[in-house]
Every structure is written in structure tokens, then in C-alpha cells.
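Below is one structure; the comments refer to it alone.
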Amino acid sequence: MTDPSKNKTFAASNALLKQALATIPTGSQTFSKSHIQFPDGHAPLFVDRAQGAHFTDIDGNVFVDLAMGLAAIGLGYCDPDVDAAIREQLACGISFSLPTRLEAELAELIVDVVPSAEMVRFAKNGSDVTSAAVRLARAYTGRERVLACGYHGWHDWYIGTTTRDLGVPGSVRVLTDRASANDPETVATKLAEHPDGFAAIIVEPMLLDNPKAALSEIRALANRSGAVLIFDEVVTGFRFALGGAQQLYGVTPDLTCLGKSMANGMPLSAVTGRRDIMRLMEDIFFSGTFGGEALSLAASLATIRKIRKQGVVEHLWAMGGRLQTRLRQTIAKYGLGDLLSVMNEPCLGFIAVSEGRGNSQAVNRTFMLAEMIRHGVFMNGSLTICHAFGEEDLQKVAEAFDSFAERFSRELEIPGLEARLPYPPITPIFTVRAPNAEKEG
């Protein structure tokens, strides 16, 4: 097989990886951004700069970015309004010995736009606020068990349910059960196994076949069981709608976790929800030096105001819908529907890859990533676009996918694709302890 990166060089990335591995485990602070999640030797590994919907790697290769900082960038890289707000605050300071007015201003804005929000606390990562929400739920209910329906971060209470449970005490692992939000009957069964035992049901409200119906039923189950319903909207918040998936689907949780695109790439997250539950923040311990860091708060204010005023969510839905239509047409054109499918709402799509035609899922997926990278589109399987994603970007991605699909269909005619690949198949970072469920986290 011809080298899929023949038109690009990744020499600088590969050299820096060797340097980084000497002092940084995996060479990255995030599993999903590390070299183990991309075709070995045939992908960019380090970014030099970014603008709008594109980034340039340290070898000078330019890519349309369909990962967008793991969905942390909703407006686009170096958004002028957000960057201006950061520079203005930088002139006044970053972290202080007391809170700033920014904390109250942003909390009030979130209460205004998120249906479940009555009070707000800030943190830095999604894992921070999902764990805070679980602690609040346990304090409020006096119960210990948690039912997780999605991916919820790296802390012990959740990651202990996956194969990445090394270092998590068994006594912690047994307190969290898993179920699919696509299957409310299983949720009901799990709740029935421990009557009056579940403090919380935490749900990632996306990738659902019938979202309004499923979420409404889980809302009713939470009410009947006395469990606190938490929506993990770290990914869906400010993308599915200004007020998140709960606004789009009309189902209001008791607590909500926000993060990622709420500050267009600045490190900020929030837990918000019912006043009677959030008041327990005065009694539990949830406190951090940088929760009120001012640059991120200023960035979030600018981000949410821009999303609200400039039709950002509408753009994501419109462009995402057109992109998904083009990709589905290409899949049908080359007869690849048994291996590839486009999933989720248009504002945040995914390409699902299946095993078949003599190849594992990992082989088929790795080939797709490598081919898209070869054609100047960086992706990890998601179709995460931003407000800066325009017509030329749409055409670039559609043409790259067509080129991949055409080549893929030809390669599938010859047995032994894996043996011809110049890189090993990428394996998931961990497997969730549920049938046929994987997480490439």
C-alpha cells in the first residue's frame, strides 16, 4: 500500500514526541490528544498555532479541525471577541486573594440561559463538576450509589466502572453502576436492584435514538426513586442549544454540569442546578484555588454573549446538517453503509465505524483517520465544527471524505487490509464494563 501521508511530513512531530516521552507519560496531558490515538508516524502530534476552524502543526501542515480541542472550541480558534475580553482582563490581573465581580456576572448569565440553573459554582474541568454533582447528590439524598449513563471523566467514582480502573479501590468501584440512556428499561431495572440506594442518575444527553422520550422517562424514574437527576452537559452545553440539551429536548434535570465550549477553549467548568441542592455547597467541601481565575471567566462571558447574539448554535446546526448530508451521500455512493454511519445531532456529529468485510473496527477506523489526515482534515471520529467553519471548510471535508471512501471501497476488494497498513490499528483507551460499549477517551 502507498504511504497514506506521502504528501505530508511529520518529522518534527515525531522528533518532539521522542523528546516529550522522556519527561511526560504518553507525551501529552490528555489521552485523547496523545500519539496512541492516531496513526503511528502518519499524523500530526503537536500544534504550532490555530485560527478559526484550522490549525497548523509544527511541521507546517495545515488542517481543517474536526476535533476542535475535544469540543472545547465552539466559536473558533483565536475568536477576536473572546481574545479581546481576555486581553482586557489580563491588564487587570488573573488570580486574586478575593473573588471578582466576574463570578457573579457569569453565574447570573448561566442562570438566565440554562433552564435548570438557580445557583452556580465554577471549576476547571468537566471531571471536577461531575464529581461535585455526585457529591452534592449524595449529601442531599443520604445515599451512596450512582447510576452512570455516559462518559463522565477520570475521577474514581466513574472511571472505576471501566477497564482503566487501576488504582481505584474496590469499595469505590462497587458504588457505581452503568446503564444506557437509550434503554430506560435497564435504568429502571438497575434502580430496582437497590431500592432507596441511588443518590444520582447521571446522564450524558446525546447519541440517543429518541432523546426526548428517553430523557423524559429517566426524569420520571428519578422522581419515583428519589435519585437526583444530573445532566452531564459538558459536551452538549452551548452546542445543542444556548441552554443545552435540556432546552432542546424540554427535559430539566436537578443538576447540570457544564464545560468545554462555555469559554471557547479557556479552562472553565460549572455545576449548576436547583437552589435547595446547590445550597449544600456551603456544607460539602468543594473548593479550589483557581475556580475564580479571571481570564477564563471573562472569556466565558464573552463566549456565551456571542453565542446568544450572533446565531452561533443555528450556524452549527445548519452547517453540521449540510455536512452530515454530504457524508451520508458519499457513504451510499460507495456502498459503505454496513461499515460507516453518521450519528448524533447535526451540531455535534460522529462517524461510527463498524467491523466487517474481513476487518476489525479498529482497522477500518484507523484507515479512515489516516486518509482524512492525508487529505488535510484532522479528526478523531467526531464531526465537531465551530462558528468559524465555512463553505470552503465544508467542501474540503466533503471532498476528503469522498477520496477516503473511494479508496476504502477499493481496498476492501482485496483481503488483508490490516497487513497492508503502514501503521498499527488504534485501540480504544478503555472499554466500559457494558456489552458492546467502548470509549475512546
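The values are calculated or read from the model by the stated rules, or taken from the named source; none is laboratory data. Quick caveat: nothing in here was measured; it's all calculated off a predicted structure. No Cβ is skipped: glycine too gets one built from the backbone with ideal geometry, and neighbour counts run over all protein chains shown.
I'm trying to understand the selection: among the residues of the stretch 282-321, which are of a type in the set (Val, Ile, Thr) and under 21 Å from the mean Cα position of the chain (by Cα)? Within the stretch 282-321, THR303, ILE304, ILE307, VAL312, VAL313 meet the criteria. Selection within the stretch 351-383: residues that are in contact with a strand residue (DSSP E or B) (Cβ under 8 Å, 6 or more places away or on another chain) and in a strand (DSSP E or B). The member of this set that is surrounded by the fewest Cβ atoms within 10 Å (Cβ to Cβ) is ALA352. When THR330, THR272 are screened for being at pLDDT 95 or above, among the polar types (S, T, N, Q), more than 18 Å from the chain's Cα centre (by Cα) and in a helix (DSSP H, G or I), only THR330 passes. Checked against (1) more than 27 Å from ILE94 (Cα to Cα); (2) touching a residue at least 24 places away in the same chain (Cβ under 8 Å); (3) surrounded by fewer than 18 Cβ atoms within 10 Å (Cβ to Cβ), LEU348 passes all but condition (3).
Remark: pairs (first residue in the stretch 308-335, without any contact (Cβ under 8 Å) to a residue 60 or more places away in the chain; second residue part of a helix (DSSP H, G or I) and surrounded by 20 or more Cβ atoms within 10 Å (Cβ to Cβ); Cβ separation under 9 Å; 6+ apart in sequence or on different chains) = TRP317/CYS347; GLY321/CYS347.
A quick yes/no check of all residues on (1) crowded, with 20+ Cβ neighbours inside 10 Å; (2) within 30 Å of LEU75 (Cβ to Cβ); (3) outside the structural domain of ASP112 (by TED's automatic domain parsing); (4) of a type in the set (Ser, Thr, Tyr):
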{"residue": "PRO184", "(1), (2), (3), (4)": "yes, no, no, no"}
{"residue": "ASP196", "(1), (2), (3), (4)": "no, no, no, no"}
{"residue": "ILE201", "(1), (2), (3), (4)": "yes, no, no, no"}
{"residue": "MET206", "(1), (2), (3), (4)": "yes, yes, no, no"}
{"residue": "ASN210", "(1), (2), (3), (4)": "no, no, no, no"}
{"residue": "ALA213", "(1), (2), (3), (4)": "no, no, no, no"}
{"residue": "ASN223", "(1), (2), (3), (4)": "no, no, no, no"}
{"residue": "ILE230", "(1), (2), (3), (4)": "yes, yes, no, no"}
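If you check ALA84 against the conditions, is it hydrophobic (A, V, I, L, M, F, W, C), in contact (Cβ under 8 Å) with a residue 60 or more places away in the chain, surrounded by fewer than 22 Cβ atoms within 10 Å (Cβ to Cβ) and outside the structural domain of VAL251 (by TED's automatic domain parsing)? So ALA84 fits the description; yes. For the stretch 274-284, does any single residue satisfy the condition of being of a type outside the set (A, V, I, L, M, F, W, C) and touching a Leu at 6+ places or on another chain (Cβ under 6 Å)? Checked against the condition, which is being of a type outside the set (A, V, I, L, M, F, W, C) and touching a Leu at 6+ places or on another chain (Cβ under 6 Å), the stretch 274-284 yields no hits at all.
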